[in-house]
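Inspection log for the structure reproduced underneath, given as structure tokens.
None of the figures in this text is laboratory data; all of them are computed from the coordinates on show. What you see is a predicted model; the values in this text were computed from it and never measured. Here the Cβ is made from the backbone with ideal geometry for all residues, glycine too, and neighbour counts use every protein chain on show.
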Amino acid sequence: MGGISPTGPARQPSGTGDSPACSAEKPLSLPRAGKRLAAIARNNFATRQSKGLELPAVELSEADIMPGSSTDRFLGLFSEEAIWSGLEQSGIIGGLQSLGFSGLNLCVTHKEFSSHELHMFCGRRCRDNLLIELRLKTGCWPAQPCYISGADHAGKRVIAVEWLVMQNPTAQFTPERPRLPGQDFPGLGMGRPFLDLLARWSRDAGYVALFNVPEYYHNAAIYSSYFKFLSPFMEGKLRRMQEDLQHEPLAVISYAILLDGLRDRRSNRAIPWRPQWQVKPLCPSISDLFSGTVYQEKVTKAYRSYRFTLDPAILERARRAVSSPKEFLLD
């Protein structure tokens, strides 16, 4: 599908895959070392990602389809012009322009109602110019596991955020804003307004919740006020982690957990990071599940059952990963 570009006709992206990792035989400059560190982080996650996190597929009847929906539109409802307008009204376009990006180039692709992608480039469509990449997949509320007593929402339509990157390819990491696991470039600082817009689009298209699997600890921590874990036990665990580890910078904590440095303070047992579903409710009935007594009591029980610390040796490695990625990789 063609895209919208205020400066002229749009072209299809040259590719959507991740940039390849740097070769180990070549000397690592600091930028190259940082990118390789990001690739290592992504590969470590890929080998450890939890199983069984596929949402049930949507089987749409004619009655399920929103009036005015079309397989030619984003989420079945929005034209590219409407998406551009939403990005403008939410301040995303203005924010990108204030960072010095001009010739913004939007591309939206989809496969009927099942999967949808949004890319924003600065100028020509290529990986070097990528600012925003969003991949969505439609699904149904999972029937199992049912963590919340009395909740029967199986079959309700939800959106899964399979991939979201918001990056500034012209910016440099600094001591104040260090590289987080999986990052090739610093972020844009627009995550919350973009998620607010995505939630509004999804709600308008008839979906009851946004689902997300946080790859790394920092993903879950940054958006903990926005998403809640479907499992109250994981939600309680995250809250205890945030409290017990708050004396360290977020980037250091995330690298330490990536390197299997999370420990039970009482037994010194290693605690792995296993991604699970987080949920952003988009309707009152789903919101009530997470604010209700049953969910909150289980969160509190899990929170009280954990105490966390970080392995000292791995903590030191994580600090080096943040401060000197080149030295960390050659260690």
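Length gain on complete extension for the stretch SER98 to SER287, per 0.36 nm per residue less the alpha carbon to alpha carbon distance? It would help to have the intermediate numbers written out before the result.
Working: separation 189, 0.36 × 189 = 68.04 nm, distance 3.52 nm.
So the chain would gain 64.5 nm between SER98 and SER287.
So what are the ³J(HN,Hα) numbers for region 246-254, from phi and the Karplus equation (6.51, -1.76, 1.60; θ = phi - 60°), rounded to whole Hz, Gly and Pro as x?
5, 6, 9, x, 4, 4, 5, 4, 5
Read phi for every residue in region 225-231 and hand back ³J(HN,Hα) as whole Hz from Karplus 6.51 cos²θ - 1.76 cosθ + 1.60, θ = phi - 60°, with x for Gly and Pro.
In residue order, the calculated couplings are 7, 10, 9, 10, 5, 4, 7 Hz.
To the nearest 0.05, what FRET efficiency results for GLU297 and ARG124 with a Förster distance of 56 Å applied to their C-beta separation?
The computed FRET efficiency comes out at 0.55.
With a ≥ b ≥ c the root eigenvalues of the C-alpha gyration tensor of region 177-331, is it rounded (a/c under 1.5), prolate (a/b larger than b/c) or oblate?
Oblate, because a/c is 1.5 or more while a/b does not exceed b/c.
Taking the DSSP beta bridges in region 149-292 as the whole, what percent of them are antiparallel, to the nearest 5?
For region 149-292, the DSSP antiparallel bridge percentage is about 75.
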